[in-house]
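Colleague: Below is the structure I would like to discuss, written out as structure tokens.
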Ligand SMILES: NC(=O)c1ccc[n+]([C@@H]2O[C@H](COP(=O)([O-])OP(=O)(O)OC[C@H]3O[C@@H](n4cnc5c(N)ncnc54)[C@H](OP(=O)(O)O)[C@@H]3O)[C@@H](O)[C@H]2O)c1
């Protein structure tokens, strides 16, 4: 849906999965990009990537390769660690795991806040044990008068309750028992037909907005288009980011994001276990575990093909 397969094209029927990572410039023929620079951005699962620096600024540049021009700007930018206000050499793992998803959730909460949360008294968040949902709950829990309710699988209820950033946690099976009356905004990370339909049916009368962010329940059937309440709308993070950068300036945006990021990162230190693995077999194994939902929600994986 977001064109991820086009980042690093491969010959059909193959595809290269993009990952977020750090890389070091090992050779450069461009005056403004120095050997030894450390860069954060999207990479292929590979040892090397050749980029064509374009739109070069002090803090970042973009890959000007033609095949990447169709994607959102944020997907082809490389941030220079040396001048990145969020960068800390002793917390690259935390940044790799959480930075991208925190940015999304910061923007989701910011977008909803911009709309006065559509007048809602309650925020429902599905796949509440996912890191993206936790980041949203963390941001939204700072809003006064908003109940933040997490929806999750029965096996993850205890973990989500223990986080302390949700007002309440409800297993998917009990969605039908939620209070129907409160005005509600729903942010979906699960992408499951059963979950989305249950929320729309239960909350229809007071459902003010239904946003789609993810699809962790990727094996199930996709949500139907005919449900009570407002049609689910895909939240496209780069659009809200461009709006805020225009309103606050690039620096103003980074300052606000940076302050929020630091408190979220501190919060995650209380529950997040970072696990490192190296080598192609480990990459394949962990990838399959995450895909099949076998990875525990408190674990974050950092993988490398070799000793970087
Ligand atoms: N649109 C954007 O800009 C954007 C940005 C970041 C992330 N996302 C999306 O948001 C979602 C969450 O990402 P994340 O990195 O935060 O995920 P994560 O931490 O890896 O999420 C793990 C959780 O997902 C659910 N899950 C995982 N595999 C499953 C499976 N095979 N079957 C059923 N449930 C499964 C479980 O949650 P429950 O038991 O609680 O359901 C599990 O605890 C993803 O779909 C991701 O692509 C979108």
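The values are calculated or read from the model by the stated rules, or taken from the named source; none is laboratory data. Computed from a prediction, not measured in an experiment: that's the story for all the values here. Every residue, glycine among them, receives a Cβ derived from its backbone with ideal geometry; neighbour counts consider all protein chains shown.
Colleague: Does at least one position in region 108-118 carry a residue that is near the ligand (Cβ under 10 Å from one of its atoms) and crowded, with 20+ Cβ neighbours inside 10 Å?
Modeller: Looking through region 108-118, at least one residue is near the ligand (Cβ under 10 Å from one of its atoms) and crowded, with 20+ Cβ neighbours inside 10 Å.
Colleague: Is it the case that region 249-270 has a residue that's over 24 Å from residue 119 (Cα atoms), surrounded by 12 or more Cβ atoms within 10 Å (Cβ to Cβ) and within 10 Å of the ligand (Cβ to nearest atom)?
Modeller: no
Colleague: Return a yes/no flag: does region 268-280 have any residue that is part of a helix (DSSP H, G or I) and in contact (Cβ under 8 Å) with a residue 40 or more places away in the chain.
Modeller: yes
Colleague: Got at least one residue in region 144-167 being closer than 30 Å to residue 250 by Cβ and more than 19 Å from the chain's Cα centre (by Cα)?
Modeller: Yes - at least one qualifying residue is present in region 144-167.
Colleague: Can you tell me which residue is nearest to residue 189 (Cα to Cα) among those in region 77-106 that are without any contact (Cβ under 8 Å) to a residue 40 or more places away in the chain and in a strand (DSSP E or B)?
Modeller: Among them, the one singled out is 77.
Colleague: When only residues in region 152-171 that are farther than 21 Å from residue 211 by Cβ, without any contact (Cβ under 8 Å) to a residue 40 or more places away in the chain and not in a loop (DSSP other than H, G, I, E, B) count, which is nearest to the ligand (Cβ to nearest atom)?
Modeller: 155
Colleague: Within the group 204, 194, 174, which residue is without any contact (Cβ under 8 Å) to a residue 12 or more places away in the chain, over 20 Å from the mean Cα position of the chain (by Cα), more than 9 Å from the ligand (Cβ to nearest atom) and part of a helix (DSSP H, G or I)?
Modeller: The unique qualifying residue is 174.
Colleague: Only one residue in 211, 260, 215 is out of contact with any helix residue (DSSP H, G or I) (no Cβ under 6 Å at 6 or more places or on another chain), at pLDDT 95 or above and within 25 Å of residue 152 (Cβ to Cβ), so which one is that?
Modeller: 211
Colleague: Then there is this: Is it fair to say residue 184 is at pLDDT 95 or above, within 12 Å of the ligand (Cβ to nearest atom) and crowded, with 21+ Cβ neighbours inside 10 Å?
Modeller: Here the answer is no, as residue 184 does not meet what is asked.
Colleague: It is to be established whether one or more residues within region 3-16 are within 25 Å of residue 252 (Cα to Cα) and touching a residue at least 24 places away in the same chain (Cβ under 8 Å).
Modeller: no
Colleague: Same structure again: When region 284-308 is examined, which residues are found to be farther than 17 Å from residue 23 by Cα, touching a strand residue (DSSP E or B) at 6+ places or on another chain (Cβ under 9 Å) and either more than 11 Å from the ligand (Cβ to nearest atom) or not in a loop (DSSP other than H, G, I, E, B) (or both)?
Modeller: 285, 286, 287, 289, 290, 299, 300, 301
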